[in-house]
Amino acid sequence: MHLISKHLHHTLVWGLMGLCLSACHSSSSPTYRIGLSQCSDDAWRQKMNYEMERELLLHPEMTLSMRIADGSNELQCAQIDSFIRERVDLLIVSPNEAEEVKPAVTRAYRAGIPVIVADRRVTGDEWTAFIGGDNYKVGELMAQYIVESQRAKTVNKPFIVLEVAGLPGSTPATLRHKGMMDGLPDNVKVFSVMGSWLQENAYSVVLDFLEKHNNVDAIVAHNDLMAIGAAEALKKSKTYRGRNVPIMGVDGIRPGLQAIVDGKIDCSATYSSRGDMVIATAAQILHGEPFKRDTVLETTMIDEVAAYPMLRQYEGIMRDLETLHIVKTQSQSKWKQLQTDNMFLFTGMVVFFCLLLLAVVYILFRQRKLQSEINHEIIPQLEDMQEAIMLSRKDEAFAQHLHQVVQDHLTDPNLNVESLSSMLQMSRTQLFRRVKAVTGKGPLDYIREQRLIHADQLLRSTDMTVQQVALELCFSSPGYFTKCYKEYYGHLPSVR
Ligand code: FRU
């Protein structure tokens with residue numbers, strides 16, 4: 001019993017603590033919901049997402065919900081519209097294509113939702129802040145690389161470059177192309193094919209191009225994945241087998257760095273994602289603090305010398321970010337579990353206390369009912385019974401007294417209603433009522449009955465004659481005595 005109560009005590013204490021904890025948590029729980037619309041999902045985007053997640057650890061007041069558009073403008077617009085309907089507190093958009101996604105971004109902005117455009121831009125200026133790489137500078141670095149590659153070649157003839165472009169409607173593709181074109185000398189001839197940011201696309205369009213043109217001097221791709229696709233196509237191409245064509249990519253994260261280390265591509269221009277900066281800016285906007293409206297991130301060239309240490313460093317960063325992601329997911333699921341447990345405990349306690357309350361109310365109700373039954377039914381009955389007992393005791397005493405007085409005066413000719421009522425000290429009416437109550441007959445009949453009983457005893461136990469007995473017991477005549485005797489006993493009086 002003691003053990004059970006101790007256990008119950010512990011359960012209650014922990015339960016209450018759990019409830020307090022969840023109450024504390026909910027008081028500091030997120031107050032801002034951020035919607036993130038990502039145009040696609042790849043290593044570069046994942047890095048950006050992880051960086052955001054890490055920065056969010058510093059901002060428990062914000063939660064992030066992400067939707068990925070898989071490279072589709074329609075899907076991205078629909079996802080942005082759903083964020084608008086859900087009235088997120090802030091929207092982060094990395095647009096798939098500038099013109100196509102602009103209407104949805106404008107709708108969000110006009111709905112009063114602060115919008116941060118990240119990485120790729122949208123046309124117009126209906127957005128709150130922009131953070132992204134310097135794509136024009138990336139293009140310039142591509143031109144610089146082409147010029148250097150051309151210089152390495154001794155033969156003086158037109159230099160043919162194959163550009164593998166990203167989605168044409170995206171600002172990085174447009175600006176990278178422009179930056180490159182602006183930086184190239186006249187003797188460089190550029191052919192463009194569209195890889196739409198994807199390795200497999202780049203592979204097939206480049207292979208197709210190489211099969212038709214055997215004079216490509218250098219390949220520049222708008223990102224590393226397409227540069228790797230181009231390298232695979234080059235390797236595959238019968239026309240170029242064994243020929244060294246320099247290849248440059250953009251992004252400078254794991255796949256690109258590894259490709260440089262492995263000698264598949266020559267170099268890459270860095271293209272920062274800075275998800276952490278995006279979240280920090282979101283916090284500034286939401287807290288009404290000053291923020292920078294347009295942030296353009298630095299870019300730099302990575303060659304085979306820089307690639308190896310950068311790869312190691314990058315892998316370290318990614319491991320940390322991935323571990324952080326795992327820990328965060330685990331802690332979220334544990335926290336959810338804790339909340340479910342608390343909810344379960346709370347519901348259990350509520351049900352328990354409700355049942356207890358019901359039981360108490362029922363018992364109180366029943367007590368009142370029983371009390372009223374006792375007061376209104378049982379007690380009056382008991383009182384009636386007590387009264388009846390008292391009455392019967394009185395009657396008994398009266399009956400004995402009556403019997404005694406009558407016995408003492410059986411032979412007294414003056415024994416009648418008058419004398420009896422004065423001996424018993426009551427009125428004639430009272431005497432009549434009480435004698436009737438205890439004997440069932442009137443006083444005269446009772447006296448006569450007692451005289452007959454005594455007469456019978458005398459006849460049985462003495463030598464007295466019927467006349468003597470009739471006289472002794474004050475009957476008016478022996479004939480009257482005989483009549484009364486016969487009526488009472490059913491036979492004539494006789495001497496023994
Ligand atoms: C990733 C990516 C990068 C590229 C950037 C341009 O989704 O394609 O490879 O540099 O987007 O926005």
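The values are calculated or read from the model by the stated rules, or taken from the named source; none is laboratory data. Because the structure is predicted, anything quoted here is derived from the model rather than measured. Cβ atoms come from the backbone with ideal geometry, glycine included; neighbour counts cover every protein chain shown.
Can you report the number of residues in the stretch 255-276 which are of a type outside the set (Val, Ile, Thr), assigned to a helix (DSSP H, G or I) and buried (at least 19 other Cβ atoms within 10 Å of the Cβ)?
Count: 5.
Restricting to the stretch 416-439, and then to whatever is out of contact with any Lys or Arg (no Cβ under 9 Å at 6 or more places or on another chain) and in a loop (DSSP other than H, G, I, E, B), can you tell me which residue is nearest to LEU473 (Cα to Cα)?
In this case the residue turns out to be ASN416.
Looking at this structure, is VAL205 modelled with pLDDT of 95 or more and in a strand (DSSP E or B)?
no
Being in contact (Cβ under 8 Å) with a residue 24 or more places away in the chain and under 22 Å from LYS153 (Cα atoms) narrows it down to one of ALA259, ALA221, so name that one.
ALA221 is the lone residue from the list that is in contact (Cβ under 8 Å) with a residue 24 or more places away in the chain and under 22 Å from LYS153 (Cα atoms).
Does the stretch 279-293 include one or more residues that are within 16 Å of the ligand (Cβ to nearest atom), over 13 Å from PRO114 (Cα atoms) and either in contact with a helix residue (DSSP H, G or I) (Cβ under 9 Å, 6 or more places away or on another chain) or in contact (Cβ under 8 Å) with a residue 24 or more places away in the chain (or both)?
Looking for residues that are within 16 Å of the ligand (Cβ to nearest atom), over 13 Å from PRO114 (Cα atoms) and either in contact with a helix residue (DSSP H, G or I) (Cβ under 9 Å, 6 or more places away or on another chain) or in contact (Cβ under 8 Å) with a residue 24 or more places away in the chain (or both), one finds none in the stretch 279-293, hence no.
Does VAL138 count as part of a strand (DSSP E or B), among the aliphatic types (A, V, I, L, M) and within 13 Å of the ligand (Cβ to nearest atom)?
No, not satisfied.
Where residues in the stretch 54-90 are hydrophobic (A, V, I, L, M, F, W, C), in a strand (DSSP E or B) and within 23 Å of the chain's Cα centre (by Cα), which of them is surrounded by the fewest Cβ atoms within 10 Å (Cβ to Cβ)?
Only one residue tops the list, namely MET66.
Inspect the stretch 254-261 for any residue being over 26 Å from TYR50 (Cα atoms) and in the same structural domain as LEU162 (by TED's automatic domain parsing) and give the result as yes or no.
Checked against the condition, which is being over 26 Å from TYR50 (Cα atoms) and in the same structural domain as LEU162 (by TED's automatic domain parsing), the stretch 254-261 yields no hits at all.
Which one is farthest from the ligand (Cβ to nearest atom), of the residues in the stretch 170-195 that are at pLDDT 95 or above and part of a loop (DSSP other than H, G, I, E, B)?
LEU184
Can you tell me which of LEU471, LEU444 is under 30 Å from SER392 (Cα atoms) and over 60 Å from the mean Cα position of the chain (by Cα)?
Every option except LEU444 fails the conditions.
Given the conditions (1) touching a residue at least 60 places away in the same chain (Cβ under 8 Å); (2) within 16 Å of the ligand (Cβ to nearest atom); (3) closer than 23 Å to ALA152 by Cβ, and given that ARG254 satisfies all but one, which numbered condition is not satisfied?
Unmet condition: (3).
How about the stretch 123-163: which of its residues are touching a strand residue (DSSP E or B) at 6+ places or on another chain (Cβ under 9 Å), among the polar types (S, T, N, Q) and more than 30 Å from PRO290 (Cβ to Cβ)?
GLN144, SER149, GLN150
Being over 49 Å from the mean Cα position of the chain (by Cα) and part of a helix (DSSP H, G or I) is the filter; apply it to the stretch 208-228 and report the residue that is nearest to the ligand (Cβ to nearest atom).
ALA227
Could you please find all residues in the stretch 91-114 being assigned to a helix (DSSP H, G or I), within 16 Å of the ligand (Cβ to nearest atom) and not small (Gly, Ala, Ser)?
GLU99, GLU100, VAL101, LYS102, VAL105
Can you tell me which residue in the stretch 146-156 is farthest from ASP266 (Cα to Cα), limited to those that are of a type outside the set (Asp, Glu) and either within 16 Å of the ligand (Cβ to nearest atom) or out of contact with any Asp or Glu (no Cβ under 9 Å at 6 or more places or on another chain) (or both)?
So the residue we want is ASN156.
Condition check ((1) under 30 Å from ILE253 (Cα atoms); (2) surrounded by fewer than 10 Cβ atoms within 10 Å (Cβ to Cβ); (3) of a type in the set (Phe, Trp, Tyr)) across all residues:
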residue	(1), (2), (3)
LEU321	yes, no, no
GLN330	yes, no, no
LEU338	no, no, no
VAL361	no, no, no
PHE365	no, no, yes
LYS369	no, no, no
ILE374	no, no, no
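Can we say VAL88 is within 16 Å of the ligand (Cβ to nearest atom), modelled with pLDDT of 95 or more and at negative phi?
No: the conditions fail for VAL88.
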